[in-house]
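S.K.: After the structure tokens below, expect a handful of questions from me.
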There are 2 protein chains.
Amino acid sequence: MRETAVPMGAPMRNAVIDFSRMTVSAVAVVTDAVRGGEPVVGFGFNANGRYAQGALIRERLAPRVLETPEEHASADGSSLDPRAIRRLMMLNEKPGGHGERAVAVAALDIAVWDAAAKLRDMPLWAMLAEHAGNPAPERSVPVYAAGGYYDPEKGAEGLVAEMQGYLDRGYVQVKMKIGGATLDEDRARIEAVLDLLDGDGARLAVDANGRFDRETALAYAEAMGAYGLAWYEEPGDPLDFSLNAAVAAACPAPIATGENLLSLQDARNLLRFGGMRPGTDFVQFDPALAYGLGETVDIVAMMKEEGWSPRRFLPHGGNLAALACAGGLSLGGCESYPDVFQPFGGFADDTPVEDGRVGLSDAPGAGFERKATLHALLQDLL
Amino acid sequence: MRETAVPMGAPMRNAVIDFSRMTVSAVAVVTDAVRGGEPVVGFGFNANGRYAQGALIRERLAPRVLETPEEHASADGSSLDPRAIRRLMMLNEKPGGHGERAVAVAALDIAVWDAAAKLRDMPLWAMLAEHAGNPAPERSVPVYAAGGYYDPEKGAEGLVAEMQGYLDRGYVQVKMKIGGATLDEDRARIEAVLDLLDGDGARLAVDANGRFDRETALAYAEAMGAYGLAWYEEPGDPLDFSLNAAVAAACPAPIATGENLLSLQDARNLLRFGGMRPGTDFVQFDPALAYGLGETVDIVAMMKEEGWSPRRFLPHGGNLAALACAGGLSLGGCESYPDVFQPFGGFADDTPVEDGRVGLSDAPGAGFERKATLHALLQDLL
């Protein structure tokens, strides 16, 4: 297990944080299996927003896994057992308090799943579908372009030009930030983008990044509802379920939230106590922040138990691991950051966005090797 | 800001974890104020159960604080402003996902408060009382002795001898682990201890450490209720509010939980959604795990808003920082680990437990200097 911290190299900011100081953990799991003269290697990384977790991986997770190699293999001995390895990672960890640990486990877990799928010579999305008992995984997934960060030099013209660029690259639906300006200023920004989208609010989502107090969240709810937007994302603190319920009750537009709930337990509490409407709202848990792929499979099963369709799940993050979940577990779509969080964000070089959808390739594993800039970075771990 | 990771040196285990591999971050904040020829220094550490957080402190928290020294001072310039410094620590941090970050902030925040109180030449408990607007802080606090860990070589006789030792040292109420054995075995252990306590269930609490599924938690609820115990602690996953509510509804004895909820937001959700009974149950949030002392003041204010008395708050952890909160904020008492988690656990050498209570000294700050073994360890940071 090898890891390194990589700067995000993203110069923009949302309503809450400055990404220029953000880091990501890139991880490689080198197996003792050899194919074509090379060891089979799995890669992983955490998604944007929560910093690299190298010390946690080196000091806690990796030693626990490496201490009992006899527990790594799948039942038939031909691959790895990601569930068993995840269990080893979490030895001597207390329940509750799901934060950086969930992020560290996610990076390592994705690498283990990537290696396991490669050992079985199957795509990650197919292995996830098999694991979840999903008979009809998707071979292409709706994606939307997330951007629209605040930039004092950009202005409304720059914002519209950015969104035009996404449309030019095949996206149909876009998302922009709100809450870094006054409601009136945000209205002007939203209306400028709506003009570009022929006034079709369903093609535009807005994201407050958990910034608003109750009064502001409700004021925006009314305004966003009037535009008929695709969704209004993270109005208030992501754990303030009462505030979320009040906003959902007041907002004709769908609410979307969940990227900052980093465990199955937190996700379930959102559905039970957050006032979320199963036929209207969206959840956005992030496989690359919230304990990885096995946890995401469990979250989808929990959603069904709570009366939710997996189609209401649009994972945060915009990377190949999230895309494999979206396809393999038949989620409703996947976020995409066309311009930022590179090289971790984005999909395979040979699956461009077309009509707002991205195809899932037949490459073994997550397909990180099919994205040249990402592959080059990950290869440096070896 | 200086920090080091220290092994817990605690060879026992509860129903979930093995403490022999656990570490703690010890922190010193060295101010530029000089008293008696020596710089004024504040000390802090995180409580047991969540590992040292050195990398997080070094890479994220400390640089943000040290970058803007002009924001450290209190309004009159005579001391530090712990709230302002806490705000600097959290720059560029997203909301939600409260885990290791809360633990790291707690250790550093306690050191800042300790330094601030020393600069004002007042005890920490008095500064907390002033900050919270509490006109009548407590000068002595009820404490209970937590122990009763599983040990295959100890048996019921060893367990009773351990509890007898606590009574000999002035404790009146004790707590033991459950859930590491069958219910029948735990019944035998409980009944052995109850014999020692003259059959007075109100002097015995039991702690499952979040281990049980719903069925087991409910089976224990019935059994624990029949003993009339002081409380039944952490029956199930600390974030499974529905399970907690089901157990509270079924258990005549009080429920106690909260040590694994590491933020104000999580604490509030427990009170709103966990089925906790304001006149019956107890909450156990840990100042040295959950963002420190300002957050604890905010949690107490939140409790009042939600209709709870601070007397229902018995902080987890058993150290001088928790004791200062219990006294300064007039909480219901404080945990104590007489035999383990040394030298961080326990109170000042000159305030022994008497009739189940511990006095708060007039020493400036948290009084870590009044506990010789702890002071010796902390001095090594300088």
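Since every read-out is calculated from the coordinates, none of them should be taken as a lab result. Note that the structure is predicted; figures quoted are calculated from it, not measured. Because the Cβ atoms are built from the backbone with ideal geometry, glycine has one as well, and the counts that use them run over all protein chains shown.
S.K.: State the dimensionless ratio Rg/Rh of region B:271-382 (Rg: radius of gyration of Cα atoms; Rh: Kirkwood radius). Don't jump to the answer; show the numbers that get you there.
M.R.: Values: Rg = 14.8 Å, Rh = 14.8 Å.
Dividing the radius of gyration by the Kirkwood radius yields 1.00.
S.K.: Also: Compute the label-point distances linking B:A376 to its equivalents in the other copies; points lie 7 Å from Cα along Cα→Cβ; give nm, one decimal, shortest first.
M.R.: When each copy's label point is compared with this one, the spacings are 5.7 nm.
S.K.: Just to confirm my numbers, what's the Cα centroid distance between region B:288-304 and region B:31-69 in Å?
M.R.: So the separation of the two Cα centres works out to 19 Å.
S.K.: Also: Based on DSSP, what percent of beta bridges with both residues in the protein assembly as shown are antiparallel, to the nearest 5?
M.R.: On the way: 40 of 77 bridges.
About 50 percent, rounded to the nearest 5.
S.K.: Kindly give the distances from A:D121 to its copy-mates, label point to label point, with each label point 7 Å from Cα along Cα→Cβ, as nm values to one decimal ordered shortest first.
M.R.: Here A:D121 shows inter-copy label distances of 8.1 nm.
S.K.: What FRET efficiency comes out for the pair A:N92/B:D355, r = Cβ-Cβ distance, R0 = 35 Å, nearest 0.05? Each step should come with its number before you reach the end.
M.R.: On the way: r = 37 Å, r/R0 = 1.05.
So, using R0 = 35 Å, E works out to roughly 0.45.
S.K.: At R0 = 35 Å, how high is the FRET efficiency between A:R169 and A:A226 if r is their beta carbon distance? Nearest 0.05 is fine.
M.R.: Values: r = 29 Å, r/R0 = 0.84.
Efficiency, rounded to the nearest 0.05: 0.75.
S.K.: Cross-link list B:K118/B:K371; A:K94/B:K175; A:K94/A:K118; A:K175/A:K371; A:K94/B:K94: which exceed 27 angstrom alpha carbon to alpha carbon? Walk me through the intermediate numbers first.
M.R.: On the way: B:K118/B:K371 16 Å; A:K94/B:K175 19 Å; A:K94/A:K118 32 Å; A:K175/A:K371 24 Å; A:K94/B:K94 23 Å.
Over 27 Å Cα-Cα: A:K94/A:K118.
S.K.: Which FRET efficiency value, to the nearest 0.05, is calculated for A:L66 and B:S309 with the Förster distance at 56 angstrom and r the Cβ-Cβ distance?
M.R.: 0.70
S.K.: Nothing charged except the Cβ atoms of Lys and Arg (+1) and of Asp and Glu (-1): what's the magnitude of the dipole of chain B about its Cα centre? Round to the nearest 20 debye.
M.R.: 660
S.K.: Output the Kirkwood hydrodynamic radius of the protein assembly as shown, Cα pairs only, in Å rounded to one decimal. Let's see the in-between values first.
M.R.: On the way: mean 1/r = 0.0370 Å⁻¹.
That comes to 27.0 Å for the protein assembly as shown.
S.K.: What number, rounded to the nearest 500 deg cm²/dmol, is the helix-based mean residue ellipticity at 222 nm of the protein assembly as shown, given -39500 (n - 2.57) per DSSP H run of at least four residues and division by all its residues? If you can, show how the numbers build up before the last one.
M.R.: On the way: 24 runs with 270 residues, N = 764.
Result for the protein assembly as shown: -11000 deg cm²/dmol, rounded to the nearest 500.
S.K.: Just tell me, in residue order, which DSSP H segments of chain B are both 27 angstrom or longer along the helix axis (alpha-carbon based) and at least -0.5 in mean Kyte-Doolittle hydropathy. List each step's numbers first, then the result.
M.R.: Numbers: long enough: B:100-119 (29 Å, 0.97).
Membrane-span-like by this rule: B:100-119.
S.K.: Oh, and also: If you take the charge dipole of region A:131-373 about its Cα centre, with +1 on Lys and Arg Cβ and -1 on Asp and Glu Cβ, which of A:M176, A:S263, A:T373 is farthest toward its positive end?
M.R.: A:S263
S.K.: What does DSSP give for chain A in terms of the percent of beta bridges that are antiparallel, rounded to the nearest 5? Walk me through the intermediate numbers first.
M.R.: On the way: 20 of 38 bridges.
Within chain A, antiparallel bridges account for around 55 percent of the total.
S.K.: Also, quick follow-up: Which value in nm describes the separation of the simple spin-label points at A:D200 and A:T182, placed 7 Å from the Cα toward the beta carbon?
M.R.: 3.3
S.K.: May I pose another question? Could you check the simple spin-label distance between A:R272 and B:A33, using points 7 Å along Cα→Cβ, in nm with one decimal?
M.R.: Each label point lies 7 Å from its Cα, and together they span 4.6 nm.
S.K.: How far apart are the A:V34 label points across copies, placing each 7 Å from Cα toward Cβ, in nm, shortest first?
M.R.: When each copy's label point is compared with this one, the spacings are 6.7 nm.
S.K.: Please work out which residue of chain A brings its Cβ closest to the axis of the rotation superposing A onto B, and round that distance to whole Å.
M.R.: For chain A, the closest residue to the axis carrying it onto B is A:G99, 1.
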